[in-house]
Amino acid sequence: MTGSPTVSQLVKAAAREHLAPLGLRQRAGSRLWFDDRGWWLINVEFQPSRRQGTYLNVGAMWLWNDRDHWSFDDGSRVYWRADGSFTAEVPFGERGWADFLDYRTPEQFTNDLGRVARVAAQQVQQLREQFPDPHAAANQLTSRSTRPAEARLWHLFNSAAAAGLSGDAQTARRLLDTITVDPLELDWAHELAGRSAELSSLNDNALRNRLIETIEATRQRLKLPTTPLHLSSPDAA
């Protein structure tokens, strides 16, 4: 007699139904699915817990950061309500939001998980519209302040990288130079400041090309296939 499906099996089925049609792929048998946008990724994670069930994390991962692991650079935990609405930050004192889906029975979990997976699909579409190209990403990142759970220096660097990739080297250097003069206490901050100083010293074309080289190197480390980066022209409006 066949046993009940596991939480991971039900998560995979829901992701196949709601995320695969959007072009998302599963990462190596994990509960993380990703949308490959060339110069960046959209990551959707049905995060496990000690409890039976799942959290939902959705966010952008910038590939101009030299790394060999997956991350959420813009966005992460998603909260949802029964009406299908969702948010990354719950207004203070507002009730009715959930960030964890409990598993009680296969039928209950399948039904509720469908709603959560639809929320993930909506969030993917929203991020695609928000960051269609580096120019839009630069506008978005440079126009907002650092978020509560975000390191200020990383926000400055990501804003600078987006500007440099879009062809706005002047804005990129201004932000990079801000990092180099900031009081630095942690090892990662010193390392980031060193990289920022190196990028800032490059001429306009070399700065953009270095960012592209880093994106391609990061893609190789993550074992992503070779694909066009979908970069707009540096002179595009």
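Here are a few things to note about the model shown:
- Residue within segment 12-32 that is touching a residue at least 40 places away in the same chain (Cβ under 8 Å), loosely packed, with under 14 Cβ neighbours inside 10 Å and out of contact with any Gly (no Cβ under 9 Å at 6 or more places or on another chain) present: no
- Members of segment 124-153 that are among the small types (Gly, Ala, Ser) and in a helix (DSSP H, G or I): Ala136, Ala137, Ala138, Ser143
- Filter result (of a type outside the set (Lys, Arg) and part of a loop (DSSP other than H, G, I, E, B)) within segment 55-68: Leu56, Leu63, Trp64, Asn65, Asp66, Asp68
- Exactly one residue out of Leu192, Leu199 is free of Cβ contacts under 8 Å to residues at least 40 places away in the same chain, in contact with a Lys or Arg (Cβ under 9 Å, 6 or more places away or on another chain) and surrounded by 15 or more Cβ atoms within 10 Å (Cβ to Cβ): that is Leu199.
- Within segment 69-123, being modelled with pLDDT of 95 or more, closer than 30 Å to Leu199 by Cβ and in a loop (DSSP other than H, G, I, E, B) holds for His69, Trp70, Ser71, Phe72, Asp73.
- Qualifying position, being of a type in the set (A, V, I, L, M, F, W, C), farther than 22 Å from Arg208 by Cβ and within 16 Å of the chain's Cα centre (by Cα), among Ala121, Ala98, Ala117: Ala121
The values are calculated or read from the model by the stated rules, or taken from the named source; none is laboratory data. Since we're looking at a predicted model, the values are computed, not measured. Glycine also receives a Cβ, built like all others from the backbone with ideal geometry; neighbour counts cover every protein chain displayed.
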